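Take a look at the structure set out below.
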Amino acid sequence: MTPSIVTSAEAFLDAEGHIALPAGTTLTSYLDRNIVELADQLAYRYLDYSQDRHGSAIDLTWAQLGARVRAVAARLQQVTGPGDRVAVCAPQGVDYVVAFFAAIEAGAIAVPLFAPELHGHSERLDAVLTDAAPTVVLTTTAAAESVQSFLRSRPRDRRPRMIAVD
């Protein structure tokens, strides 16, 4: 069953205002449908203010998003099992979105977090990683050094594998 394109959030609410999706519908079924039906349309735009105070747009079409998500998901399926937790410790941006959807596409449980560069939050990050016990941490090449350094502070038997999604 291919879900039809819906333009209103109300289509997903029942009479009491609770979320109600059609039977058999999953997040990945909508993602797959959009990749096929909306391939060249904008899926995600991130405004990056790190280099330009006016911001520069970083865009992904549905086809580009799909290709990246599937590539990372394929790698995740090689090193995780269904239901494994996968932490996303990456800076905000398109890579974060790719990592999150790739974990779900791979059949894992995405644990959205933040990169260790976010000062003053290392105890919280450590607590969540300890509780979630992810098999893999997804990050970016730019954040890999700080993520790896953070993971090295954990006991060897609780260090997840690290994969850069970019």
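The values are calculated or read from the model by the stated rules, or taken from the named source; none is laboratory data. Treat the numbers as computed from the prediction; the structure is a model and nothing was measured. Cβ atoms come from the backbone with ideal geometry, glycine included; neighbour counts cover every protein chain shown. For accessibility, only protein heavy atoms count, side chains too; no ligands or nucleic acids. Shrake-Rupley method; radii C 1.70, N 1.55, O 1.52, S 1.80 Å.
Just a few scattered comments:
- Three principal axis lengths of the range 110-166 [C-alpha, angstrom, descending]: 26, 24, 21
- Over the range 98-166, relative contact order from alpha-carbon pairs under 8 Å, at least 6 apart, %: 34
- Subtracting the Cα-Cα distance of Ser56 and Arg75 from 0.36 nm times their residue separation leaves 3.8 nm of extension gain.
- Take every pair of alpha-carbon atoms less than 8 Å apart whose residues are at least six positions apart; their mean separation over the length of the chain yields a relative contact order of 17 percent.
- For the chain, the longest principal axis of the alpha carbon atoms and the long axis of helix 62-79 meet at an angle near 50°.
- Mean projection area, nm², convex hull over Cα of the range 60-149: 5.5
- Projecting the Cα atoms of Leu65, Tyr46, Thr140 onto the dipole axis of the chain, where Lys and Arg carry +1 and Asp and Glu carry -1 at the beta carbon, places Thr140 farthest toward the positive end.
- Whole-Hz couplings from phi, Karplus 6.51/-1.76/1.60, listed for the range 92-106; x for Gly and Pro: 4, x, 5, 5, 5, 5, 4, 4, 4, 5, 5, 4, 5, 4, 6
- Amide hydrogen neighbours beyond the local backbone of Asp84, cut-off 5 Å, H modeled: Ile109
- The 3J(HN,Hα) values that the Karplus relation (6.51, -1.76, 1.60; θ = phi - 60°) gives for the range 141-150 are, in residue order, 4, 5, 9, 4, 4, 5, 5, 4, 4, 5 Hz. Gly and Pro appear as x.
- The chain, accessible surface, carbon-and-sulfur percent (1.4 angstrom probe): 52
- Looking at the range 56-166, the accessible area is 50 square angstrom per residue; that uses a 1.4 Å probe and ignores ligands, DNA and RNA.
- Highest-MSF residue in the chain out of Asp131, Asp59, Asp32 [GNM, Cα springs under 10 Å]: Asp131
- Each residue of the range 32-44 was assigned a 3J(HN,Hα) from its phi angle through the Karplus expression (A = 6.51, B = -1.76, C = 1.60, θ = phi - 60°), giving 4, 4, 5, 4, 7, 7, 10, 2, 8, 8, 5, 9, 8 Hz with x at Gly and Pro.
- For percent of Cα pairs over 20 Å apart, computed directly from the structure shown, the correct entry in (i) 58; (ii) 73; (iii) 54 is (i).
- Selected from Leu113, Leu21, Leu125 as most flexible by GNM, with the chain as the system and alpha-carbon contacts under 10 Å: Leu21
- Take the Cβ atoms of Thr26 and Thr141, set R0 to 45 Å, and the FRET efficiency comes out at 0.90.
- Amide H contacts of Tyr44: Leu60, each under 5 Å away and 5 or more positions distant or on a separate chain (H built 1.01 Å from N in the peptide plane; Pro and chain starts excluded).
- Beta bridge orientation in the range 1-142: antiparallel %, DSSP, nearest 5: 50
- Helix 122-132 axis, angle to the chain major axis (alpha carbon atoms, nearest 10°): 60
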